[in-house]
1. Need pairs with beta-carbon distance below 9 Å; first residue under 19 Å from SER118 (Cα atoms) and within region 1-24, second at pLDDT below 85 and in a helix (DSSP H, G or I); sequence gap 6+ or separate chains.
2. Of all residues being in contact (Cβ under 8 Å) with a residue 60 or more places away in the chain and polar (S, T, N, Q) in region 93-122, which is nearest to ARG26 (Cα to Cα)? Just the residue, please.
3. Just to be sure I understand the filter: pairs with C-beta atoms under 6 Å, separated by 6 or more residues or on different chains, first member in region 59-88 and within 19 Å of ILE31 (Cβ to Cβ) and of a type in the set (D, E, K, R), second member modelled with pLDDT under 95 and surrounded by 16 or more Cβ atoms within 10 Å (Cβ to Cβ). Which pairs pass?
4. Of the residues ALA99, ALA35, which single one is of a type in the set (A, V, I, L, M, F, W, C), in contact with a helix residue (DSSP H, G or I) (Cβ under 6 Å, 6 or more places away or on another chain) and within 15 Å of LEU19 (Cβ to Cβ)?
5. Scanning region 1-28 for residues that are at pLDDT below 90 and among the polar types (S, T, N, Q), which turns out surrounded by the fewest Cβ atoms within 10 Å (Cβ to Cβ)?
6. When you go through (1) of a type in the set (D, E, K, R); (2) assigned to a helix (DSSP H, G or I); (3) under 20 Å from LEU109 (Cβ atoms) one by one for ASP70, which number turns out not to apply?
7. Within the group LEU51, LEU120, which residue is closer than 16 Å to TYR5 by Cβ and either crowded, with 20+ Cβ neighbours inside 10 Å or more than 14 Å from the chain's Cα centre (by Cα) (or both)?
Amino acid sequence: MAKTYVKFQVSEEIQNKALEALEIARDTGKIKKGANEATKAIERSLAMLVLIGADVEPEEIVMHLGPLCDEKKIPCIYVNKQNDIGAASGLEVGSTAAAIVKPGKAKDLIDEVVKQISDLRA
């Protein structure tokens, strides 16, 4: 069952591209891991793309991220498993959210994901 905070769903293909962009940005740019760090990056308008786990318990941990991204006009994507976000972030545990701050070599991939998300939400 989908969580109440998940405002839209994207295909596995788009999720995988976003996770790949997160991995590349981790190695060649800069990312922020976890709900707290992602929130700060969004509030400071530093984030280029935010990945939010769609299976977070309790959901109150991340339910503010989607509306905050909308308010700051920062693209966000819901990823089915927070463990995938953690793995792409270089962690051995799941991560509730992650924000790409500096894209590094992932710029083109991020632009592609952002375009696909905006096409879905239009």
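The values are calculated or read from the model by the stated rules, or taken from the named source; none is laboratory data. Since the structure is predicted, the reported quantities are computational estimates derived from the model, not experimental observations. Cβ coordinates were reconstructed from backbone atoms using ideal geometry, including for glycine residues, and neighbour counts include every protein chain displayed.
1. Matching pairs, first to second residue: LYS7/ARG121; PHE8/LEU120; PHE8/ARG121; GLN9/LEU120; VAL10/LEU120; SER11/LEU120; ILE14/LEU120.
2. Only one residue fits best here, namely SER95.
3. Correct list of pairs: LYS81/ASP55.
4. Going through ALA99, ALA35 in turn, the sole match is ALA99.
5. This residue is THR4.
6. With respect to (1) of a type in the set (D, E, K, R); (2) assigned to a helix (DSSP H, G or I); (3) under 20 Å from LEU109 (Cβ atoms), ASP70 is out only on (3).
7. Of the residues listed, the single one that is closer than 16 Å to TYR5 by Cβ and either crowded, with 20+ Cβ neighbours inside 10 Å or more than 14 Å from the chain's Cα centre (by Cα) (or both) is LEU51.
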